[in-house]
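A quick write-up on the structure given underneath.
The values are calculated or read from the model by the stated rules, or taken from the named source; none is laboratory data. This structure is a prediction, so every number in the text was calculated from the model and none was measured. Backbone-built Cβ (ideal geometry, glycine too); neighbour counts: all protein chains shown. The protein model used for the area step is the full one, side chains on, heavy atoms only, and it has no ligands, DNA or RNA in it. Shrake-Rupley method; radii C 1.70, N 1.55, O 1.52, S 1.80 Å.
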Amino acid sequence: MGTRIVLIDDHKLFREGVKRILEFEDSFEVVAEGGDGTDAMEIVEQTRPDIVIMDINMPNVNGVEATRKLIKRFEDLRVIILSIHDDESYVTHALKSGALGYMLKEMDTDELVNAIKIVSNGGSYVHPKVTHNLIKDYHRLALAGTGSSSNGSSAAFQPVEYRKPLHLLTRRECEVLQLMTDGQSNRGISETLYISEKTVKNHVSNILQKMNVNDRTQAVVTAIKNGWVEVK
């Protein structure tokens, strides 16, 4: 069986564009659409999709609140938030609501398809640009926390000496991991390193496996904590 998808977005033209993209994938089926967060509950109740792709800014009930209500009612439902905002506060609220994906509306077709496949298989996906902003905020907290607490509570934020993880990854994989931390997509990494996107995907897959993490965000956070990458 294919992945059953519901689209919730108040911009009909954008919604139709996303639907056309998804229709090119044989394993995807768009079973229903809605233009408001208030429509989402009834639509999901009627269609029982695998994934809901939800706009974050909508009248009446926004995407975060709609996601929270949906996840409370349908525990196995997977939601991907679509947004124009790359600010970490939006991402944090979206993920706390239960969403497993956060995509920017500037994403390309391959990124959208890849995100849906990852989430439909039980993983999570955050747009690389958003990941970079989250990491920058983490780094800011790390710097602010050094030596500022008398009870030692800032220890978790103590910076560590930068060193490439050559004990774990190849030199090329270290380069890819650094570019992931910089917020580059697979296409951006491909153009920077002058290698194919397929090769980049293979490197990313190897990195996740070797680091024993499920997705790019976890890989980047782990790398930051261990001092394996530079935060720019």
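Hey, which of the helices (runs of 4 or more DSSP H) in segment 1-91, taking only ones fully inside, have at least 3 residues that are under 22 Å from the mean Cα position of the chain (by Cα) and buried (at least 17 other Cβ atoms within 10 Å of the Cβ)?
12-23, 63-73
In this structure, does residue 203 turn out to be outside any helix (DSSP H, G or I) and modelled with pLDDT of 90 or more?
No: the conditions fail for residue 203.
Output the residue which, of all residues in segment 218-228 that are open to solvent by 10 Å² or more (accessible area, probe 1.4 Å) and out of contact with any Pro (no Cβ under 9 Å at 6 or more places or on another chain), is farthest from residue 165 (Cα to Cα).
218
Listed here are the residues, each with its yes/no results for (1) on the phi > 0 side of the Ramachandran plot; (2) modelled with pLDDT of 90 or more.
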| position | (1), (2) |
| --- | --- |
| 37 | no, no |
| 54 | no, yes |
| 86 | no, no |
| 99 | no, yes |
| 110 | no, no |
| 122 | yes, no |
| 130 | no, no |
| 138 | no, no |
| 145 | no, no |
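So which pairs qualify, if the first residue must be in segment 90-106 and more than 18 Å from residue 10 (Cβ to Cβ) and β-branched (Val, Ile, Thr), the second must be in a strand (DSSP E or B) and open to solvent by less than 10 Å² (accessible area, probe 1.4 Å), the Cβ gap must be under 6 Å, and the two must be at least 6 apart or on different chains?
If the second residue must be in a strand (DSSP E or B) and open to solvent by less than 10 Å² (accessible area, probe 1.4 Å), the pairs left are 91/102.
With respect to residue 170, determine if the residue is of a type in the set (Val, Ile, Thr), surrounded by fewer than 19 Cβ atoms within 10 Å (Cβ to Cβ) and at pLDDT 65 or above.
Yes; evaluated as a whole, the condition is true for this residue.
In contact with a helix residue (DSSP H, G or I) (Cβ under 6 Å, 6 or more places away or on another chain) and of a type in the set (S, T, N, Q): does that describe residue 60?
yes
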